1. With r as the distance between the Cβ atoms of residue B:176 and residue B:441 and R0 = 41 Å, compute the FRET efficiency 1/(1 + (r/R0)^6) and round to 0.05.
2. Kindly list the residues of the stretch B:349-371 that lie in the label zone of residue B:385, defined by a backbone N under 16 Å from the point 7 Å along the Cα-to-C-beta vector.
3. For the stretch B:479-524, what percent of Cα pairs sit more than 14 Å apart?
4. Which three numbers, in whole Å and largest first, are the semi-axes of the equivalent ellipsoid of the stretch A:95-191 derived from its Cα gyration tensor as √(5λ)?
5. Sort out the exposed loop GluC sites (Glu not before Pro) in chain A (DSSP loop, at most 15 other Cβ within 10 Å) and tell me the longest stretch that has none.
6. Could you work out the local net charge near residue B:446, counting Lys and Arg as +1, Asp and Glu as -1, over the other residues with Cβ closer than 14 Å to its Cβ?
7. For labels at residue B:504 and residue B:160 in the simple 7 Å Cα→Cβ model, what's the distance in nm?
8. How big is D for the stretch A:174-263, in µm² s⁻¹ as a whole number, if Stokes-Einstein is applied with the Kirkwood radius of its Cα pairs at 10 °C and 1.306 mPa s?
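Here, each number is a calculation from the coordinates, and none is a lab measurement. Owing to the predicted nature of the structure, the values given are computational and were not obtained by experimental measurement. Cβ atoms come from the backbone with ideal geometry, glycine included; neighbour counts cover every protein chain shown.
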Amino acid sequence: MRATRSKLQSIASSIRPRLSDNQPTPYSWINDAIPGSSSGKLAGKTIAIKENISYHASPTSCSSALLRDYNPPYTATCVQSLLAEGAHIIGQTKMDEFGMGSQTTHLPPHYTPVHNPASPRPSEPPRSAGGSSGGSAAAVAEGSCWAALGTDTGGSVRLPASYCGVVGLKPSYGMISRRGVVAYADSLDCVGVLGRDVQTVEDVFDVVSKPDKGDMTCISSSHRTNASRILEEHLPKKGIEGLRIGLPKEITQRTAPSLLNYLKKEGAIIQEISLPSIRRALPAYYVLASAEASSNLARFGGGWYGSKNDQASEGTTESGLEKRKRIRTEGFGKEVKKRLLAGTWALSADEFNNTYLKALQLRHLLRKEYQSLFRIPHPLFLNEEKNNSNEGLDIILHPTSIRTAPRLQCYDANSQNGIKEYDQDLLTVPASLAGLPSISVPYEKGSDGWPLGISLTSQWGMEGLIFKLGKVIEDWSRNR
Amino acid sequence: MIILSRWGLSRPFIGSGSFPQRLLHPGLRFYATKQNAIQDESEWETVIGLEIHAQLKTGRKLFSAASTSYGETPNTNVNLHDAAFPGTLPVLDLHAVRLSLITALALGSRINSRSTFDRKHYFYHDIPASYQITQHYNPLAREGKLQIIQGDNNSQRTFDVGIHQLQIEQDTAKSQTVGDNTLVDLNRAGTGLMEIVTEPDMRTSEEAGAFVRKLQGLLKRLGSGDGDMEKGNLRVDVNVSVHRHGTPFGTRCEIKNINSVRFLQAAIESERRRHIAHYLTSPGAPLKQETRGLNELTLETFSLRSKEEATDYRYMPDQNLPAIVIDSAYLEKLREELPEMPWQVVDRLTALYDVQKRDVETLIGLDEYHFEGVRYYEDVVGGDKKIAKKAMNWIVHEILGQIGKGKTSIKWSSTLIPSTTMKEMINLIEQGKITGTNGKQIIKHLIFNDSSISLNQVLNELSIELNDNISNKLDISEICQQAIKNQSKSVNDYKKGNEKVLMRLVGEVMKLSKGRADAKQVKEILVDLLKDGNGTTNNQNRSLG
């Protein structure tokens, strides 16, 4: 395993991040500053950040024409944590506009596309890196950075990780501060970590996972202490012996039997489980995410920051309302507009009870269902009784994606995609709705030679458990 | 100063030039403008409910660390969150929550064990995020009340005003139209507000005014707000409907952003006249439900927008803010620590010491936040009921009277005349060792000179000698009798019923005593002496002065 990692790292150092006006690249901005000598846990490490994470030295345009000229006057807490441990922010990566999309194809017109670097053959037509953190996943996969930060609202870190053959973590909701991360849907948004192996992801996670007084949803140290104690109690003493793994029967994509056999051989107990409400929870996700987006993105166009268009009306007779309409009409892309309209509708007085509130209820049902499956207590709700301590689960396991990365050009035109995307969402959205930690680890190649990832989801705060199983799967996958 | 409505106007209404024409039938002006012209006024009842926005006196904004000082250069007290920069998050000021809680408790409200924040959406330049963080679904508190006593602001009855709810929310930016431009100042944006919604329990403009004044006193006493309407730190929206007694409530109109009690009462009166005029002249047509403003020059209301134009605010829970969960033990502690309210101190002191309500209110007015005036009075009285009324007179009428005279810039404070000196002086007067006239001299001396000196020093400086109690009375009795002898004509006039001549006798006593006699006391002794027909009196058993 060590040998494999150092080999990958040597590849990494040979590729430099690049910007281009006509060639595909994962980057929207490159840090021209030469890193000085640094100390700390991440000294000398190069890390790319998704374009919706504020860094005072870079623009943070969320791959939107609307924020094209926006330069944040402050730095996100998670980036500050990286810098404090000696990391070098090497650049910012492209994304689906404001995080809305799963192919990193919803880009402003002046952007070149992002190509998936995990191609088995140079002759292959370009494929999507997944989204919305496709730039971050591609940057890690091509080796131009050591690790990258992404954001995951409904799968935006895990899906590109699966497509690009890298490790992608969506932590438990509230583990990493969102201060400075441009909001898509506050109740779902998580800063995620992408790296070429589980250990890299874990190292970065350890640095950015900390309390922040600037984000009231970021978990306090006392709750973190509880979570660590519970994790200690539930980590298998030896390897993965006694680890209880569940395979949800609602997910039709099968995990390779060879992997399951290996895990059993290592002492894990594998059983089929049921999460009946995940199908009903899916529409809930779209309602909640769109509704929150319509609220969060309402600030754009008011003239306080952003594109030069904001100032274009000075000296004209354009009213504030007309200006707002113009900026939003010109600035937002098609997908963003679609979701904003849907979200605005869901929050309208006539629809609220039947749409938004229903969605909240379904989300609550799903959370309860997860809690009834886990034998590990929820560190934030320790008073709740756990009565299935013997039969309950530690980890839920299933493939991250329904397929390998799709080809870039044909995706948008395919009318069947709506349904396919729905199946895809079933794999990543439930953990987001429940706020649970979930990691995608590359584990095999599809029949077309492109990578596929496996997802591991555990109780809130149990990142340590999924790292542990993730490393076992990583070893298995490399030694095949 | 212009304060824009923050209630989701879809377009600005300030600076548009002229106010809308009131579409009144010419013959109606009579009704609309002359209140007493409405025939049989008593047949109509006005129903009034208030929505009050009171800024929380925390010194910082509700969700950011920016300061909230008043009158600063525009856009200097602004944090990135106040300007809704991407990625910024709200951090709730718990001090604001505490102040809101004690306000709700003082209003006798039921505190929700779990309250949450919601977003109220609208596009307007005074709200950079395009939503206001407020408490729509689960407000901090509900079901309170505030009692209005007959006589408060000329209220004709004693009754309770129900408090529907109290919620915490953000204030908006201030905007101003200068020429063709609308200028926005974010200094106020994000300041914490309490929105206090009453039940429609008031029936006259005086009652509504009484409620606002009482609430101002409550906020100041708690330190949760300064109640300053002039600065816009407290703003009132009023809902008014008018109906005939015994019939269902009429159509409700709301008048927004009123910034003085006078304007509030004027708005209600204007609205009442308008509604009655409508019902009299168009009995068949319903009154249009509207949001209205008050023209502060004509003191009449004008239409801002009708109900059909109302915005859908798309209320949604704010997921960046955790629910406020109030521990019952903490709530109990806050309840126990509530200070005595202005009306409570009035009740207590008038019952305990038989003093005038108006005088207690004067003491409260000296310091509405910490009740320094009340405390000073109670220090002087020191629980001694015998001197309680006298002490009130000396403080409210003599000390404050002296300060109020002429053009003194002296402000009252509890150290102006130390309470111990004051108490000592009142006791000397009570014992008859010095006269009331001496008391006035002493107070004047202490106000305009060093007040830290002892009473003995003051007596020295003013060459006032202490009189032995009994001889003093005998002396004065003798002098009075001497005066009666000297002024026999006046005595005769007095006995014939001309009581005014008594002052001539008093003057004679003062002359004989070289001003050392107490005029009031002299008057009483003279009355007694003259009543008894020059006989001796039994002064010893009579209270003096």
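1. Numbers: r = 55 Å, r/R0 = 1.34.
It comes to 0.15.
2. Of the residues in the stretch B:349-371, B:349-356 have backbone N under 16 Å from the label point off residue B:385.
3. Details: 425 of 1035 pairs.
Summing the P(r) tail past 14 Å for the stretch B:479-524 gives 41 percent.
4. Details: eigenvalues 107, 44, 22 Å².
Largest first, the stretch A:95-191 gives 23, 15, 10 Å.
5. A:1-240
6. Local net charge: -1.
7. Label-label distance for residue B:504 and residue B:160, simple model: 6.3 nm.
8. In µm²/s, the coefficient is 97.
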